[in-house]
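*Asks:* One structure coming up, written as structure tokens, with questions to follow.
The values are calculated or read from the model by the stated rules, or taken from the named source; none is laboratory data. Note that the structure is predicted; figures quoted are calculated from it, not measured. Cβ sites come from the backbone with ideal geometry, for glycine too, and all protein chains shown count toward neighbours.
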Amino acid sequence: MPNSPSTSPENIIKRVSTVASLPQIFMKVEETLNNPASSSMHLAKVIEEDPALTGRLLRLANSAYYGFSAKIESVNHAITAMGTQQLRELVLACSVLKLFKDIPEELVNMELFWRHSIACGVVARAIAHLRFESNIERYFVAGLLHDVGRLILFMQKPNVMLNMIQLAQQKQQLLYRVENEVLGFNHAKLGGLLMASWKLSPRLIESISWHHAPTMAKQFPIDAAIIHTADIIANALELGNSGEKMVPNLKPAAWDSLGLEINALEKIISILDQQYQHGVRFILGEEE
């Protein structure tokens with residue numbers, strides 16, 4: 001099976017017609033941001049075309065996730081407070097979620113899947129904050145989307161995926177390693193290919209492609225190391241579940257490359273405690 005052309009990651013991506021392109025709202029946001037003549041008012045008008053998205057963004061902007069002192073009352077105000085690139089990342093996060101709504105519950109519990117992904121995103125954002133990275137929202141998005149390749153497998157290879165889950169449990173082995181054995185690639189590779197097909201940033205592609213093997217990332221190993229570490233922490237804290245029943249091993253080289261202080265883990269968990277539920281409400285739409 002690993003060498004079968006029909007099960008190559010490239011062919012699987014080609015067959016995912018339901019996720020062939022990102023929703024129109026994100027494409028409009030991209031077009032507006034790439035237009036030198038556009039202003040924040042133009043961007044606000046594009047976002048306001050989607051009332052549900054507008055409500056989510058304003059709710060998040062006024063939560064402890066950001067901790068702004070003044071109330072954010074409009075999308076234009078949110079753009080001014082957050083910045084256009086950070087808002088772009090949040091629109092991307094919401095856009096992708098809409099594409100994976102029809103996966104049967106017997107295959108995967110989508111609420112638990114997204115709760116794990118949100119936890120990974122919040123932890124990645126916290127790590128980026130401690131490292132003084134720019135546009136830390138992109139790390140939230142990378143964490144949120146790191147396992148979308150597994151959703152594609154549930155969509156395209158449901159029986160194979162169920163067999164791999166059972167095999168991982170029987171062998172007491174990590175699921176992504178079983179994916180490698182059975183398919184010849186794992187969900188991380190598939191997720192990176194999907195990001196590439198959408199022509200998203202090389203940073204996002206690499207951090208998703210190599211979140212289980214961050215030292216293999218050629219251009220952005222730090223980004224991959226951040227998502228790798230965040231995934232381990234989210235799994236260890238059992239916040240949601242994306243199909244993995246065991247906690248993957250933390251790569252020492254990845255942790256060392258982040259250059260964090262000894263008490264960093266305590267700070268990361270503190271930030272997670274403050275921001276996780278706000279992330280859940282933003283992504284899953286749960287009310288206060």
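*Asks:* Can you find a residue that is in a helix (DSSP H, G or I), crowded, with 22+ Cβ neighbours inside 10 Å and in contact with a helix residue (DSSP H, G or I) (Cβ under 7 Å, 6 or more places away or on another chain) anywhere in region 236-243?
*Replies:* Checking region 236-243: not a single residue is in a helix (DSSP H, G or I), crowded, with 22+ Cβ neighbours inside 10 Å and in contact with a helix residue (DSSP H, G or I) (Cβ under 7 Å, 6 or more places away or on another chain).
*Asks:* When Glu137 is evaluated against the numbered criteria (1) among the acidic types (Asp, Glu); (2) modelled with pLDDT of 95 or more; (3) surrounded by fewer than 22 Cβ atoms within 10 Å (Cβ to Cβ), which criterion, by number, is the only one it fails?
*Replies:* Unmet condition: (2).
*Asks:* Residues in region 202-210: is at least one among the β-branched types (Val, Ile, Thr), at pLDDT 95 or above, in a helix (DSSP H, G or I) and in contact with a helix residue (DSSP H, G or I) (Cβ under 9 Å, 6 or more places away or on another chain)?
*Replies:* Yes: one or more hits.
*Asks:* What's the number of the condition Leu22 fails, among (1) aliphatic (A, V, I, L, M); (2) modelled with pLDDT under 90; (3) under 19 Å from the mean Cα position of the chain (by Cα); (4) in a helix (DSSP H, G or I)?
*Replies:* (4)
*Asks:* Quick check on region 251-266. Is at least one of its residues of a type in the set (Lys, Arg), part of a loop (DSSP other than H, G, I, E, B) and surrounded by 14 or more Cβ atoms within 10 Å (Cβ to Cβ)?
*Replies:* yes
*Asks:* Next up: Pick from Ser95, Ser38, Ser63, Ser69: which is assigned to a loop (DSSP other than H, G, I, E, B) and touching a residue at least 40 places away in the same chain (Cβ under 8 Å)?
*Replies:* Ser63
*Asks:* Report yes if some residue within region 79-92 is at pLDDT 90 or above, exposed (fewer than 15 other Cβ atoms within 10 Å of the Cβ), in the same structural domain as Ile205 (by TED's automatic domain parsing) and not in a loop (DSSP other than H, G, I, E, B); otherwise report no.
*Replies:* no
*Asks:* Take the residues in region 135-166 that are within 12 Å of the chain's Cα centre (by Cα) and not in a helix (DSSP H, G or I), then tell me which one is farthest from Val178 (Cα to Cα).
*Replies:* For region 135-166, the residue satisfying everything is His146.
*Asks:* Residues Arg115, Arg56: which one is out of contact with any Pro (no Cβ under 8 Å at 6 or more places or on another chain), among the charged types (D, E, K, R), touching a residue at least 60 places away in the same chain (Cβ under 8 Å) and not assigned by TED's automatic domain parsing to the domain that holds Ser201? Give the derivation first.
*Replies:* Values: Arg115 fails: not assigned by TED's automatic domain parsing to the domain that holds Ser201.
Checking each option against the conditions leaves just Arg56.
*Asks:* Still on this structure: When only residues in region 267-288 that are of a type in the set (D, E, K, R) and assigned to a loop (DSSP other than H, G, I, E, B) count, which is nearest to Ala119 (Cα to Cα)?
*Replies:* Looking at residues that are of a type in the set (D, E, K, R) and assigned to a loop (DSSP other than H, G, I, E, B), I get Glu286.
*Asks:* Is it the case that Met246 is in the same structural domain as Pro9 (by TED's automatic domain parsing), surrounded by fewer than 16 Cβ atoms within 10 Å (Cβ to Cβ) and closer than 25 Å to Leu153 by Cα? Walk me through how you get there before you give the answer.
*Replies:* Working: in the same structural domain as Pro9 (by TED's automatic domain parsing): yes; surrounded by fewer than 16 Cβ atoms within 10 Å (Cβ to Cβ): yes; closer than 25 Å to Leu153 by Cα: yes.
Considered against the rule, which asks whether it is in the same structural domain as Pro9 (by TED's automatic domain parsing), surrounded by fewer than 16 Cβ atoms within 10 Å (Cβ to Cβ) and closer than 25 Å to Leu153 by Cα, Met246 comes out as yes.
*Asks:* Additional query: Which one is farthest from Met246 (Cα to Cα) among residues in region 93-134 that are among the hydrophobic types (A, V, I, L, M, F, W, C), more than 14 Å from the chain's Cα centre (by Cα) and at pLDDT below 90?
*Replies:* Checked region 93-134; the qualifying residue farthest from Met246 (Cα to Cα) is Ile103.
*Asks:* Just one of Leu145, Leu112, Leu57, Leu53 is aliphatic (A, V, I, L, M) and buried (at least 24 other Cβ atoms within 10 Å of the Cβ); which is it? Even if it seems obvious, please write down each step before you answer.
*Replies:* Values: Leu112 fails: buried (at least 24 other Cβ atoms within 10 Å of the Cβ); Leu57 fails: buried (at least 24 other Cβ atoms within 10 Å of the Cβ); Leu53 fails: buried (at least 24 other Cβ atoms within 10 Å of the Cβ).
Exactly one residue qualifies, and that residue is Leu145.
*Asks:* To continue, here is another question. Only one of (1) touching a Lys or Arg at 6+ places or on another chain (Cβ under 9 Å); (2) at pLDDT below 90 fails for Ala52. Which number is that?
*Replies:* Here Ala52 meets the rest and fails (1).
*Asks:* Looking at Pro252 and the list (1) under 23 Å from Ser95 (Cα atoms); (2) without any contact (Cβ under 8 Å) to a residue 60 or more places away in the chain, which single condition is not satisfied?
*Replies:* Against the list (1) under 23 Å from Ser95 (Cα atoms); (2) without any contact (Cβ under 8 Å) to a residue 60 or more places away in the chain, Pro252 comes up short only on (1).
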